[in-house]
Amino acid sequence: MFAYLLLVLSSQLASVYIIKDPLTRSWINFYALALLVNLMTETSTAVLQVGGHYRSQALLNLCQSVLTGGWILIVFLTHGGFTRCW
């Protein structure tokens, strides 16, 4: 939660002084949101490991990888760019 708040609060400064493009502020905030969501997935991974559900964890990992790879392939085949994928 602290990392999320830190990124959101400093996104304006980072986009102007580090990246040197104020339009990237929304992407920094999106990354901060991804960090917050990852907190939930890390918790569920720990619960699956403690409960001995390694097969469930492996299946979820596989589905996530296939979905991510499919999304990247679609963007590549449609000649989409970083900002055109939305």
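Summary of values
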quantity: Pair list, Cβ under 9 Å, 6 or more apart: region 54-68 residue farther than 12 Å from residue 41 by Cβ, other residue surrounded by 10 or more Cβ atoms within 10 Å (Cβ to Cβ) and aliphatic (A, V, I, L, M); calculated: 54/48; 56/48
quantity: When residues of region 34-86 are limited to those that are under 28 Å from residue 7 (Cα atoms) and among the aromatic types (Phe, Trp, Tyr), the one modelled with the highest pLDDT; calculated: 71
quantity: Selection count where residues are more than 14 Å from the chain's Cα centre (by Cα) and among the aliphatic types (A, V, I, L, M), scope region 27-86; calculated: 13
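The values are calculated or read from the model by the stated rules, or taken from the named source; none is laboratory data. Note that the coordinates shown come from a computational prediction; the quantities given were computed from them, not determined experimentally. Methodologically, a virtual Cβ is constructed for each residue, glycine included, from the backbone with ideal geometry; neighbour enumeration extends over all protein chains shown.
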